[in-house]
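The values are calculated or read from the model by the stated rules, or taken from the named source; none is laboratory data. Treat the numbers as computed from the prediction; the structure is a model and nothing was measured. Don't worry about glycine lacking a Cβ; one is built from the backbone with ideal geometry, like all the others, and counts go over all protein chains shown. SASA here: full protein model, heavy atoms, side chains in, ligands and nucleic acids out. Shrake-Rupley method; radii C 1.70, N 1.55, O 1.52, S 1.80 Å.
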Amino acid sequence: MIAIIHPTNIQGTLLANASKSSMQRACAAALLHHGRSHILNAGDSFDDLAAIEMIKKLGANVISNEDGSLTIHSNGVVPIDHQLNCGESGLGIRMFTPIAALSNTSLQINGTGSLLKRPMHFFDEVLPQLSVQVNSNNGYLPITIQGPLKPNNIIIDGSLSSQFLTGLLMAFGAAEADGITIEVNDLKSRPYIDLTLKVMEAFGTVVRNDDYKTFGFYKADQIVKKEMIAYQVEGDWSGAAFLLVAGAVAGSITVKGLDVFSTQADKAILQALADAGAGLSVQEHQIDVRALPMKAFHFDATDCPDLFPPLVALAAFCEGTTVIEGVHRLAHKESNRGITLQKEFGKLGVEIKLQDNLMLITGLRNGMQVNAIQSNTVHSHHDHRIAMAAAVAALNASGPVTIKDAEAINKSYPAFYGHLQQLGVRVITEL
């Protein structure tokens with residue numbers, strides 16, 4: 001599919017879509033909960049749907065309600081299928097593999113698209129220490145596992161992704177580990193671990209966090225678990241970051257449904273917008289953003305690498321050279337995002353330089369004047385965030401911008417183009 005985005009000034013109010021980070025964790029927690037779970041504001045992205053299919057195959061009964069919520073009945077991990085598939089979800093494969101290993105059934109876990117190229121050596125190294133038999137494709141998918149996983153004191157590397165730790169935390173909690181610790185070296189994306197711990201606690205499991213270096217499990221800390229648990233999925237700061245940047249570069253918008261006290265890492269977009277000088281008003285139940293002359297900013301995205309694409313779209317309309325740290329976190333995303341952003345925004349006339357762990361973006365603003373983004377055709381590289389970043393940049397282009405493989409947005413934000421249309425953007429999609 002291609003999407004043709006016509007430049008325009010935008011205006012309007014939108015409700016943020018559901019956070020797939022929150023939704024997928026809620027699905028995993030509901031699977032592990034012995035009883036009934038009611039998931040409110042359930043997401044419908046491809047990653048969310050993959051998580052729902054995963055917990056079904058691992059034994060949960062999932063009922064979709066007319067109000068968009070889900071009711072999930074579970075007795076823990078009791079697989080009904082030997083073949084599991086996480087779609088293209090990095091969180092899905094990293095979180096559900098240790099959880100699936102709680103079973104003594106031999107299971108093969110696979111994925112699609114870019115997930116087949118992401119390294120999974122972590123499981124080869126760690127799961128055998130937990131009594132799990134592992135057979136991978138030389139460190140890549142598919143992975144065959146056979147448990148049951150038995151919690152043990154382990155030391156892991158947290159530098160590649162915090163998602164591996166998320167899976168272990170949930171699996172250890174479900175296995176009722178007691179007096180067991182996970183020691184983590186060089187943990188990245190700490191806010192995502194905050195989200196994991198928040199979801200686990202909402203479902204009745206408490207984990208001690210010692211400065212993100214050691215995570216401890218003790219039965220004395222646990223609370224009495226309820227038979228029925230209701231969980232509200234948060235609005236998605238990752239998707240909303242693109243809307244907020246759109247408001248900052250091309251008009252005036254209001255975004256509702258975001259928790260300003262959220263532990264989601266991508267809430268940091270507010271700091272970047274403030275540093276750039278965007279017109280920003282943050283209230284408890286809504287965020288207002290309007291376009292103002294903006295300046296280059298310096299931002300460390302090491303703990304929130306998914307912000308790189310919207311930050312590049314923001315930096316493109318600032319005066320001066322913006323510096324973003326954390327490029328090393330981009331290699332194993334849906335695409336190699338550092339190189340992809342450099343290539344595709346280059347087609348739009350935005351110069352991006354990569355220097356070791358830094359990305360330098362030369363803005364198009366010169367005083368009160370902004371040179372328009374070039375009208376051109378770009379490719380998403382099957383990466384949802386690249387497609388959305390290009391669409392936001394296109395709002396200030398000299399003419400229409402065409403995005404190839406534009407359906408990539410379905411991975412996290414299926415309603416994105418529709419939301420742009422609600423803001424007054426002419427979006428034409430063609431198969």
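For region 264-360, the calculated P(r) over all alpha carbon pairs, in 5 Å bins from 0 to the bin holding the longest distance, is 3, 13, 25, 24, 19, 10, 5, 1 percent. Taking the C-alpha atoms only, the angle from helix 46-57 to the longest principal axis of the chain is near 10 degrees. In units of the rule-of-thumb radius 2.2 N^0.38 Å, region 315-431 shows an alpha carbon radius of gyration of 1.06.
Label-to-label distance, Q421 versus D300, with points set 7 angstrom from Cα along the beta-carbon direction: 4.3 nm.
Scanning residues 5 or more positions from G251 or on other chains, those with amide H under 5 Å from its amide H are I10, A291, with H placed 1.01 Å from N in the peptide plane.
From the coordinates of this entry, Kirkwood radius over Cα pairs in Å is computed, and it appears in [x] 22.0; [y] 25.4; [z] 24.1 under the label [x].
Approximating the spin labels as points 7 Å out from Cα along Cα→Cβ, the N371-to-N65 distance works out to 5.5 nm.
On the accessible surface of the chain, probed at 1.4 Å, how many percent belong to carbon and sulfur atoms?
47 percent
With everything on Cα atoms, drop me the angle between helix 163-174 and the longest principal axis of the chain, reported from 0 to 90° to the nearest 10. The two axes meet at around 30 degrees.
What is the helix-to-structure angle for 337-347, meaning the angle in degrees between its Cα long axis and the longest Cα principal axis of the chain, kept from 0 to 90 and rounded to the nearest 10? Compared with the principal axis, the helix lies near 20 degrees. Using alpha carbons only, the radius of gyration of region 1-159 set against its Kirkwood radius gives Rg/Rh = 1.04. The separation of region 146-214 from region 353-397, counted between C-alpha centres, amounts to 37 Å. Each helix, a run of at least 4 DSSP H residues, gives -39500 (n - 2.57); summed and divided by the residues of the chain, these come to -8500 deg cm²/dmol at 222 nm.
Residues in the chain average 38 Å² of solvent-accessible surface per residue, probe 1.4 Å, ligands and nucleic acids excluded. Take each peptide in 363-371, 217-225, 415-423, 47-55, count the other Cβ atoms within 10 Å of every residue, and average; sorted highest first, the result is 47-55, 415-423, 363-371, 217-225. FRET efficiency for the pair I2 and E351, taken as 1/(1 + (r/R0)^6) with r the Cβ-Cβ distance and R0 = 30 Å, rounds to 0.75. Under a model in which nothing but the beta-carbon of Lys, Arg (+1) and Asp, Glu (-1) is charged, the chain shows a dipole of about 380 debye around its Cα centre. Note on region 360-431: dipole from Cβ charges, positive end direction compared against N396, F416, S380; the farthest Cα belongs to N396. Using C-alpha pairs under 8 Å with a sequence gap of at least 6, the mean separation divided by the residue count of the chain gives a relative contact order of 20 percent. Eigen-decomposition of the gyration tensor built on the alpha-carbon atoms of region 155-298 gives equivalent ellipsoid semi-axes of 36, 19, 10 angstrom, largest listed first.
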